[in-house]
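> Quick one: the structure is below, and I'll ask about it shortly.
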Amino acid sequence: MQRILTGIQCTGMPHLGNIVGAMLPAIDLSRQPQHQTFIFLADLHTLTTLPEAEVRRKYVHAAASAWLALGLDPEQVIFYRQSQIPAVGELTWYLSCFTPYPMLANAHAFKDKRDRLAGVNAGLFIYPVLMAADILLYQANRVPVGKDQLQHLEIARDVATSFNHQYGSIFILPEALIDRNIATLPGIDGQKMSKSYNNTVDIFLPEPELRQNIMRIQTDSLAIDAVKDPDTCNVYKLYSALATEVDTATMRQKYLNGGYGYKAAKEALFDLILVKFAVPRRRFNAYINDWGTINKILQAGEAKAMEIAEETMCIVRKALGYA
Ligand code: TRP
């Protein structure tokens with residue numbers, strides 16, 4: 001059976017870009033019976049940039065609520081917090097001793113910050129090693145990721161290869177699983193939707209705030225009467241990522257006909273989100289107010305994850321002479 005594993009760093013509320021680009025596709029994969037799926041909350045990675053415990057708790061709770069609200073079935077998926085499996089820290093240390101310094105120095109996330117080294121902690125520098133440990137610990141075959149994570153996956157493969165070279169075939173070499181049909185959504189300012197750009201659409205907000213969120217999407221300032229170009233409009237792009245083909249074609253025609261304003265398009269997008277995500281929004285509200293239930297679900301996943309992690313670690317420790 002193929003093992004599929006993916007994680008999301010929880011450094012903010014899960015937004016529409018995460019949901020459409022990563023979470024729903026991962027949940028779809030987990031429903032295929034030929035896979036064993038691992039989905040985890042990368043809450044150790046968040047420590048590289050987020051020191052506050054309360055904020056971390058809040059984001060972990062929100063991320064877990066969102067996964068469950070969107071349909072993750074904890075009976076089918078091994079669903080856990082990265083931090084609750086201590087072996088990942090141990091394996092990170094072992095792997096770090098097989099990771100050449102230049103490989104990490106060339107990683108994009110670090111390179112981007114190389115001119116501000118005083119603000120870079122060692123955790124950020126070895127971020128890719130922890131990610132390799134996340135994957136190799138569970139002997140995952142395939143890792144669904146966005147394009148921005150491909151380099152990290154290459155690093156995981158390289159580290160596993162050099163470890164295997166020294167000790168025999170201990171680790172499975174993971175492969176990236178990239179679905180080119182999945183849209184990268186624009187944020188409300190037209191750049192890629194991302195927490196770091198502060199341009200997200202947050203579908204779990206209460207209705208009035210969600211409405212304001214949608215109304216802030218940037219457009220050009222053409223008058224209602226004008227003929228408009230759907231292909232350069234952020235509202236249309238978001239609408240078409242969620243709507244049926246027929247509804248998308250109808251909106252497209254309205255743009256091309258003129259007489260259809262951006263306000264109306266935003267209203268249509270808002271209504272669509274309310275309808276399409278009615279069930280997840282309702283469930284999210286229940287989960288976000290019930291940490292007890294979430295905690296129980298995560299603990300059950302963690303017990304399963306721990307067992308699989310220990311299988312790998314027994315082999316690794318023996319190979320290294322620690323057992
Ligand atoms: N780095 C990933 C992100 O920023 C999160 C992540 C951590 C991850 N460990 C992983 C993803 C292992 C896939 C597999 O989104």
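The values are calculated or read from the model by the stated rules, or taken from the named source; none is laboratory data. What you see is a predicted model; the values in this text were computed from it and never measured. Note that we place each Cβ from the backbone using ideal geometry, even for glycine, and neighbour counts take in every protein chain shown. These area figures cover heavy atoms from the full protein model, side chains too; ligands, DNA and RNA do not enter into them. Shrake-Rupley method; radii C 1.70, N 1.55, O 1.52, S 1.80 Å.
> How large is the dipole of the chain about the Cα centre if only Lys and Arg carry +1 and Asp and Glu carry -1, each at its Cβ, rounded to the nearest 20 debye? All intermediate terms of the calculation are to be shown ahead of the outcome.
Details: 32 positive and 32 negative charges, 35 e Å.
Its charge dipole is roughly 160 debye.
> Next question. Computed on alpha carbon atoms, what radius of gyration and Dmax characterise the chain, expressed in Å?
21.6, 76
> Now for a different question. What residue among VAL143, VAL77, VAL227 has the largest mean-square fluctuation in a Gaussian network model of the chain, using Cα springs under 10 Å?
Top of the fluctuation ranking is VAL227.
> Calculated from DSSP H runs of 4 or more alone, at -39500 (n - 2.57) each and per residue, what is the 222 nm mean residue ellipticity of the chain, nearest 500? Mind showing how you got there, number by number?
Details: 14 runs with 162 residues, N = 323.
The per-residue figure over the chain is -15500 deg cm²/dmol.
> Out of residues 5 or more away from ILE8 or on other chains, whose amide H comes under 5 Å of its own, with H placed 1.01 Å from N in the peptide plane?
Residues meeting the criterion, in which the H sits 1.01 Å from N, are PHE40, ALA42.
> Run the Debye formula on the Cα coordinates of the range 141-182, all scatterers equal and no solvent, and tell me log10 I(q)/I(0) at q = 0.23 1/Å.
-0.72
> Report the label-to-label distance for ASP112 and ASP231 in nanometres (one decimal), using points 7 Å from each Cα along the Cα→Cβ vector.
2.9
> Where does each of ARG211, ARG57 land when they are ordered by accessible area, with a 1.4 Å probe and the largest first? Intermediate results must be reported in sequence, preceding the final value.
Numbers: ARG211 85, ARG57 145 Å².
If we order ARG211, ARG57 from most to least accessible, we get ARG57, ARG211.
> Sticking with this structure for a sec: How high is the relative contact order of the chain, given as a whole-number percent (alpha carbon pairs under 8 Å, six or more residues apart)?
Working: 440 pairs, mean separation 70.0, N = 323.
Computed value for the chain: 22 percent relative contact order.
> Then there is this: What residue among GLY259, GLY71, GLY301 has the largest mean-square fluctuation in a Gaussian network model of the chain, using Cα springs under 10 Å?
GLY259
> What net charge is computed for the residues neighbouring LYS237, neighbours being all others with C-beta under 12 Å from the C-beta of LYS237, Lys and Arg scored +1, Asp and Glu -1? Before the final figure, lay out the partial values.
Values: positive: LYS192, ARG252; negative: ASP229, ASP231.
Net charge in that neighbourhood comes out at 0.
> Quick one: P(r) of the range 204-276 from all Cα-Cα pairs, 10 Å bins, percents rounded to integers, in order of increasing distance.
Distribution as computed: 20, 56, 23, 1 percent.
> Could I ask something else about it? Just the Cα atoms of the range 136-214: what Rg and Dmax do they give in Å?
Gyration radius and largest Cα-Cα distance of the range 136-214: 18.6, 59 Å.
> Hydropathy first: keep DSSP H helices in the chain averaging at least -0.5 on Kyte-Doolittle, then drop any whose Cα extent along the axis falls short of 27 Å, and list what survives. Before the final figure, lay out the partial values.
Details: long enough: 291-320 (40 Å, 0.16).
Span-like helices in the chain: 291-320.
> Given points 7 Å out from each Cα along the Cα-Cβ axis, report the THR161 to TYR322 separation in nanometres with one decimal.
Modelled inter-label distance: 2.5 nm.
> Have a look at LEU47, LEU16, LEU136 and tell me which one the Gaussian network model of the chain (Cα, springs below 10 Å) gives the largest fluctuation.
Among LEU47, LEU16, LEU136, the largest mean-square fluctuation in the Gaussian network model of the chain belongs to LEU47.
> Tell me which residues come under 5 Å, amide H to amide H, from GLN2 once H is placed; ignore anything under 5 positions away on its chain.
Placed amide hydrogens put GLN36 under 5 Å from GLN2.
> While we're looking at this one, here's another question. Taking 8 Å as the Cα distance limit and 6 or more residues as the minimum spacing, I'd like the relative contact order of the range 204-276 as a percentage.
Working: 63 pairs, mean separation 28.6, N = 73.
Normalised by residue count, the contact order of the range 204-276 is 39 percent.
> Ok, one more. Which FRET efficiency value, to the nearest 0.05, do you get for MET103 and THR184 by plugging their Cβ-Cβ distance into 1/(1 + (r/R0)^6) with R0 = 25 Å? Could you put the intermediate results ahead of the total?
On the way: r = 27 Å, r/R0 = 1.07.
Once rounded, the FRET efficiency stands at 0.40.
> Restricting to bridges with both residues inside the chain, how much of the DSSP beta-bridge set is antiparallel, in percent to the nearest 5? Don't jump to the answer; show the numbers that get you there.
Working: 1 of 17 bridges.
If I count the DSSP bridges inside the chain, around 5 percent turn out antiparallel.
> Hey, what D do you get for the range 4-129 in µm²/s if you plug the Kirkwood alpha-carbon radius into Stokes-Einstein at 25 °C and 0.890 mPa s?
On the way: Rh = 16.0 Å.
After rounding, the answer is 153 µm²/s.
> Can you find, among GLY119, ILE172, GLY89, the residue sitting farthest towards the positive end of the charge dipole of the chain, where Lys and Arg contribute +1 and Asp and Glu -1 at Cβ?
Positive-most Cα among the choices belongs to GLY119.
> So, in nm, how far is label ARG211 from label ALA223 when the simple model puts each one 7 Å beyond its Cα toward the Cβ?
Distance between label points: 2.8 nm.
> Another question, if that's okay. Quick check: from the Cα gyration tensor, does the range 66-196 come out rounded (a/c under 1.5), prolate or oblate?
Numbers: a/c = 1.67, a/b = 1.13, b/c = 1.48.
Here the range 66-196 falls in the oblate category.
> Which residues in the range 19-43 have a backbone N closer than 14 Å to a point placed 7 Å from the Cα of THR293 along the Cα-to-Cβ line?
Backbone N within reach: none found.
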